[in-house]
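Here the structure is laid out as structure tokens; the discussion comes afterwards.
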Amino acid sequence: MNTKITGTGSFLPEKIVTNFDMEKLVDTQDAWIRERTGIASRHISTGETVSSIAAKAAKEALLMAGKQPGEVEMIIVATCSPEMLLPCCACQVQSILGCSNAVAFDLNAACSGFLFALNAATAYIKTGLYKNALVIGAEVLSKIVDWTDRSTCVLFGDGAGAAFLEATEEENIGMLSLSQGSDGARGMVLACEDRDVVNPFTEKKEQILPGYVTMNGQEVYKFAVRQVPASILDALNKANLTVEEIDHFVLHQANIRIIEAVAKRLKVPMDKFPTNLERVGNMSSATIPVLLDEINRAGKLKKGDKLVMSGFGAGLTYGAGVYIWG
Ligand code: COA
């Protein structure tokens, strides 16, 4: 049993915030942001929630796959910025779209989230438990970013992407291999606190408001440029493929310098690395599915094309998968 992506979709909030807009908020410059990150603008929610944008992206994916909401068997939403602690975002999406026959749950692996969710869905389908899955990466990071911290607020954006995954008997298709890992001991280099433990039995009586994203940018950068090529090579090794045989490297869009460093380490030309971060910034779990949808809709993915998808981020989490487009 193999799996096949039969539909992709994405949604970006209408409001575009350029680097010049950022200059009015914090002590920064368009040239600095472009040079250090490759980002020129990002889409920012003016009220859209994670579940609303996730549902919009998912609807597009279902439309492309030619499926009705009632046919969906599983929904996994990867997010680290849900609007509710309960219910989970996937159940909200289920309710919005009317996917009444699906099991729905969230998965939080930050920027690796979509890849981990895709791998989880693939595993469920390959065991025969479900025949299809809606896999979504959606974030409204703008509400957890500190808009007074120039070292982080310029990096992130809001958006959602989705893929509809189905079981297929076709040979040589779908996820060939994967490599996943986590390094929780170094997790605090990229963090965001939720509520503190305050209850009638704690000494502390006052709830501190949930925190904002904090990051040691240089540590995250070093982690990414070391771990991403290693994960990709591990996944390729498991698939018995070489870097030269890969048509598209669909990487988490955090920073153009990270993508360039990965390309250099793998000795692969940059034209095999599609990018959209210049327009959308880092949307955490949404980056890979939004980029996948954009290149799919642009007709750049042909049957039999070999893709590497790779993500990394808070946790720390990282991973790569080799996927044959069907
Ligand atoms: N505009 C202008 N100056 C800025 C700035 C901004 N937006 N943000 C930081 N600076 C300043 C710093 O304050 C520092 O000034 P100082 O030398 O006077 O102290 C200077 O720029 C250099 O800061 P530094 O943090 O060393 O820059 P850097 O070259 O490491 O670039 C990042 C910063 C965040 C772009 C880079 O570390 C990075 O991309 N890291 C990975 C982050 C990431 O991808 N996170 C998400 C992972 S999923």
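Just so it is clear, none of the values below were taken in a lab; they were calculated from the coordinates. Quick caveat: nothing in here was measured; it's all calculated off a predicted structure. Cβ atoms come from the backbone with ideal geometry, glycine included; neighbour counts cover every protein chain shown.
Take the alpha-carbon positions of the stretch 195-326, form their convex hull, and give its projected area averaged over all directions (one quarter of the hull surface) in nm².
Values: hull surface 43.5 nm².
Over every viewing direction, the Cα hull of the stretch 195-326 projects on average to 10.9 nm².
In terms of the mean number of neighbouring beta-carbon atoms within 10 Å, the peptides 186-197, 308-319 order highest first as 308-319, 186-197. With the largest listed first and rounded to whole Å, the semi-axes of the equivalent ellipsoid of the stretch 142-257 from the Cα gyration tensor are 37, 19, 16. With a cut-off of 13 Å between beta carbons, the residues surrounding Ala109 carry a summed charge of -3, where Lys and Arg count +1 and Asp and Glu -1. Under the simplified labelling scheme, the Glu206-Lys303 pair shows an inter-label distance of 6.6 nm, with each label point 7 Å from Cα along Cα→Cβ.
What does the helix-only formula give at 222 nm for the chain: each DSSP H stretch with n ≥ 4 adding -39500 (n - 2.57), the total divided by the residues, and the result rounded to the nearest 500 deg cm²/dmol? Write down the numbers at each step before the final one.
Numbers: 10 runs with 106 residues, N = 326.
That comes out to -9500 deg cm²/dmol.
Along its first, second and third principal axes, ordered by size, the stretch 121-208 spans 58, 38, 24 Å in Cα coordinates. The phi-based Karplus calculation (6.51 cos²θ - 1.76 cosθ + 1.60; θ = phi - 60°) puts the 3J(HN,Hα) values of the stretch 165-172 at 10, 10, 5, 9, 8, 4, 8, 6 Hz, whole numbers, x for Gly and Pro. With viscosity set to 0.692 mPa s at 37 °C, what whole-number translational diffusion coefficient in µm²/s follows for the chain from Stokes-Einstein and a Kirkwood radius over Cα pairs? Estimated via Stokes-Einstein, D reaches 166 µm²/s.
Of the peptides 33-39, 288-294, the order by per-residue mean of other Cβ atoms within 10 Å, starting with the highest, comes out as 288-294, 33-39. Here the scattering of the stretch 1-64 is modelled by Debye summation over its C-alpha atoms, one equal scatterer each and no solvent; at q = 0.22, 0.26 Å⁻¹ the log10 of I(q)/I(0) is -0.89, -1.01.
With 10 angstrom as the radius, rank Lys15, Lys67, Lys4 by how many other C-beta atoms surround their C-beta, starting from the fewest.
Details: Lys15 15, Lys67 18, Lys4 21.
Least crowded to most crowded, the residues run Lys15, Lys67, Lys4.
The alpha carbon radius of gyration of the stretch 1-120, expressed as a multiple of 2.2 N^0.38 Å, is 1.26.
Could you work out how much longer the chain between Lys15 and Ser100 gets when fully extended? Use 0.36 nm per residue separation minus the Cα distance between them, nm to one decimal. Provide the component values of the computation, followed by the final result.
Values: separation 85, 0.36 × 85 = 30.60 nm, distance 3.20 nm.
Value of the extension gain: 27.4 nm.
Take the alpha carbon atoms of the stretch 195-258, find their radius of gyration, then divide it by 2.2 N^0.38 Å using N residues; give the quotient. Don't jump to the answer; show the numbers that get you there.
Details: Rg = 20.6 Å, N = 64, 2.2 N^0.38 = 10.7 Å.
So the stretch 195-258 has a normalised radius of gyration of 1.93.
Annotation for the stretch 180-223: chymotrypsin sites (Phe, Trp or Tyr not before Pro) lying in DSSP loop with at most 12 further Cβ atoms inside 10 Å of their Cβ are Phe201. Phi-derived couplings, Karplus 6.51 cos²θ - 1.76 cosθ + 1.60 at θ = phi - 60°, listed residue by residue for the stretch 195-212: 4, 7, 7, 10, 8, x, 9, 9, 5, 5, 10, 9, 6, 8, 4, x, x, 10 Hz, with x used for Gly and Pro. Ranked by the mean number of other Cβ atoms within 10 Å per residue, highest first, peptides 264-274, 78-88, 129-139 order as 129-139, 78-88, 264-274. The orientation-averaged shadow of the Cα convex hull for the stretch 93-170, equal to a quarter of the hull surface, comes to 6.5 nm².
Counting beta carbons within 10 Å around each of His252, His43 and listing the fewest first gives the order His43, His252. Projecting the Cα positions of Ala55, Thr287, Gln227 onto the charge dipole of the chain (unit charges on Cβ atoms of Lys, Arg, Asp and Glu, taken about the Cα centre) puts Gln227 furthest along the positive direction. Excluding same-chain neighbours fewer than eight residues apart, the lysines reachable from Lys59 by a Cα-Cα span under 28 Å are Lys4, Lys15, Lys67, Lys126, Lys131, Lys143, Lys300, Lys302, Lys303, Lys306. In µm²/s, what is D for the stretch 136-177 at 25 °C and 0.890 mPa s, where D = kT/(6 pi eta Rh) by Stokes-Einstein and Rh is the Kirkwood radius from Cα pairs? Calculated translational D: 181 µm²/s. Using only the C-alpha atoms, the convex hull of the stretch 252-326 corresponds to 99 Å³ per residue. Highest mobility in the GNM of the chain, judged by mean-square fluctuation with C-alpha springs under 10 Å and restricted to Ala263, Ala121, Ala31, is found for Ala31.
I want the antiparallel fraction of DSSP beta bridges within the chain, as a percent rounded to 5.
Details: 38 of 52 bridges.
Close to 75 percent.
Normalising the average separation of contacting C-alpha pairs (under 8 angstrom, six or more residues apart) by the number of residues puts the relative contact order of the chain at 26 percent.
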